[in-house]
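S.K.: Sharing a structure here in structure tokens format.
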Amino acid sequence: MANAKGQGFEGDLLVVLRHGPHGTSWLREGLDAALVAAAFGRRVTLLFMGEGVTALVPGQKSGPLGQKGTSPTLEMLEMYDIDTLLVEAEALAWLGLRAEELMLSATAVEATELSMLASTHSLVLTF
Amino acid sequence: MLLHILNRSPATSEVFRQALAAMGPDDRLLLIEDGVQGAVGALFGRFSGLEGRLYAQEEDLVARGLAPLCAPSVVRVDVEGFVTLTEEAQKTVSWF
Amino acid sequence: MMRYAILLMGAPYSSQAAHSALRFARAVAARGHRLEGVFFYHDGVHNAARLAAPPQDEPHLVDGWAALAADHGVPLQVCIAAALRRGLLDEREAARHGKQGHSVEPPFELTGLGQLVDLGLRCDRLVTFGP
């Protein structure tokens, strides 16, 4: 399934996560799709875009009613061999954070690289 | 060439910026549902630079009474044209 | 002839997503393509609600999907995890969870998310309709 365009990041599935934890189920359901694809042996890239970058802020807790949040799921990504985590550089700047401060190791990408990412993956799912 | 599909109005949602950021130089953008508001008046300005690559779903323009206001450079396509656009693109990416 | 899949993530009557997806599905079939499946995820699972009772002068989306399945043999696959959370259970799941009555019936089928990945990678095109 790999295509050899040599653009650095490629794979079967690009999952674009554009929402933060707790507020909606988009992030959780997007991550679930990524985990299932990885469990089926697919190569998955996660792109945290816009508000989605807040998923990687350290120190998250469960919600006041016991809502689970998504940080425990994120901590499992490595176990599923999902190790390509990208964050939109501009969104990171909005939060005043640097990539090194995030809870997981992630690579900042510029907006101009986003179009490349969509074409170097077989399937793109936006959440 | 990818087809990006946007269903949000640029008057109320910033999602169009994500679509634009993710678009390559040959990619096309199809406005559907409330997204067709982006084909009208000053909102059309959000998509400047996409001439010839900007499409709007005809039925959604008509249902909203916006067809007469649609900017002339926007290519209007019916649902069959929508399918054709997906045929011509390598893949589609939806922004909502 | 190309192989298509549709991913629908909007609830019926809350957003236009389901209307757009159903019309697109019909147009894909009319163009002679093979629609290999419609996958319902996120709030899109509500499209499978067997008890939906819209006013008679509005399009009946649940019946619309069933008609699409009948006319073109399109599988209607509903993410089981997203469905159970939202109270959408077929007979088997209702029995398993000790619930009276069920809210999902064929041609809708509850299935795993793996089906979405499989559909998306197997088909030539996947088109997502979000709310």
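S.K.: Evaluate the Kirkwood expression for the hydrodynamic radius of region A:1-74, namely the inverse of the mean inverse distance over all pairs of different C-alpha atoms, and round to one decimal in Å.
M.R.: On the way: mean 1/r = 0.0750 Å⁻¹.
Radius from the Kirkwood sum: 13.3 Å.
S.K.: In addition: Mind giving me the FRET efficiency for residue C:99 and residue C:67? R0 is 22 Å, r the Cβ-Cβ distance, nearest 0.05 is fine. Mind dumping the intermediate values first?
M.R.: Values: r = 28 Å, r/R0 = 1.26.
That pair, residue C:99 with residue C:67, gives E of 0.20.
S.K.: Over region C:3-129, what relative contact order in percent results from Cα pairs under 8 Å that are six or more residues apart?
M.R.: On the way: 221 pairs, mean separation 42.9, N = 127.
About 34 percent, as a whole number.
S.K.: Efficiency by 1/(1 + (r/R0)^6): what FRET value for residue C:81 and residue A:90, r their Cβ-Cβ distance, R0 = 51 Å, to the nearest 0.05? Mind showing how you got there, number by number?
M.R.: Values: r = 33 Å, r/R0 = 0.64.
The formula returns an efficiency of 0.95 here.
S.K.: If amide H atoms are built 1.01 Å from N in the plane of the peptide, which residues on other chains or at least 5 residues away come under 5 Å of the amide H of residue C:10?
M.R.: C:44
S.K.: Peptide C:117-127: average number of partner chain Cβ atoms within 10 Å per residue? Spell out each step's value before the answer.
M.R.: Numbers: counts 13, 4, 1, 10, 8, 1, 1, 4, 8, 8, 9.
Average per residue, whole number: 6.
S.K.: I need the peptides B:27-36, A:39-48 ranked by packing, meaning the mean over residues of other C-beta atoms within 10 angstrom, with the highest value on top. Write down the numbers at each step before the final one.
M.R.: Numbers: B:27-36: 24.8, A:39-48: 20.8.
Ranked from most to least packed, the peptides come out as B:27-36, A:39-48.
S.K.: Sticking with this structure for a sec: Using only C-alpha positions, report the orientation-averaged shadow area of the convex hull of region C:3-129, nm², one decimal.
M.R.: Numbers: hull surface 29.8 nm².
Projected area, direction-averaged: 7.5 nm².
S.K.: Now, a different point. Loop-only trypsin sites (Lys or Arg not before Pro) in region B:29-66, please: DSSP not H, G, I, E or B, and at most 15 other Cβ atoms within 10 Å. Don't skip to the answer; put the middle values down first.
M.R.: Details: sites: B:46, B:53, B:64; in loops: B:53, B:64.
Counting only loop positions with at most 15 other Cβ atoms within 10 Å, the trypsin sites (Lys or Arg not before Pro) in region B:29-66 are B:64.
S.K.: Taking every residue in B:85-93, how many Cβ atoms of other protein chains lie within 10 Å of its Cβ, on average?
M.R.: Values: counts 0, 11, 7, 0, 1, 5, 11, 6, 12.
Shielding by partners across B:85-93 averages 6.
S.K.: Now, a different point. Can you report the principal axis dimensions of region A:76-127 using only the alpha carbons, biggest first, rounded to whole angstrom?
M.R.: Answer, in whole Å and largest first: 32, 30, 17 Å.
S.K.: While we're here: Among C:128, B:84, which comes first, second and so on when ranked by fewest other beta-carbon atoms within 10 Å? Present the calculation step by step, with values, prior to reporting the outcome.
M.R.: Numbers: C:128 25, B:84 14.
Going from least to most buried by this count: B:84, C:128.
S.K.: If you average the alpha carbon positions of region A:43-70 and of region B:1-68, how far apart do those two centres end up, in angstrom?
M.R.: 29 Å
S.K.: Which log10 I(q)/I(0) values, to two decimals, does the protein assembly as shown give at q = 0.08 Å⁻¹ under the Debye formula with one point per Cα?
M.R.: Scattering profile of the protein assembly as shown, log10 relative to I(0): -0.38.
S.K.: OK, next. Using just the helices of chain A, give the 222 nm mean residue ellipticity in deg cm²/dmol: DSSP H runs with n ≥ 4 each add -39,500 (n - 2.57), and the total is spread over all residues, rounded to 500. Write out the running numbers ahead of the final one.
M.R.: Details: 4 runs with 34 residues, N = 127.
Mean residue ellipticity at 222 nm (helix-derived): -7500 deg cm²/dmol.
S.K.: If you don't mind, there's one more thing I want to ask. For the ranges A:109-118, B:72-81, C:115-124, what's the packing order if you count other beta-carbon atoms within 10 Å of each residue, average per peptide, and put the highest first? Walk me through the numbers before you get to the answer.
M.R.: Details: A:109-118: 18.0, B:72-81: 16.2, C:115-124: 20.1.
Highest mean packing first, the order is C:115-124, A:109-118, B:72-81.
S.K.: Using 0.36 nm per residue of separation minus the Cα-Cα distance, give me the extension gain between residue C:56 and residue C:2 in nm, one decimal.
M.R.: Details: separation 54, 0.36 × 54 = 19.44 nm, distance 3.54 nm.
This chain segment gains 15.9 nm when fully extended.
Read-outs throughout are calculated quantities, based only on the coordinates presented, and are distinct from any laboratory measurement. Fair warning: this is a prediction, and the values are worked out from it, not measured in the lab. Positions of Cβ are backbone-derived with ideal geometry, glycine not excepted, and every protein chain shown enters the neighbour counts.
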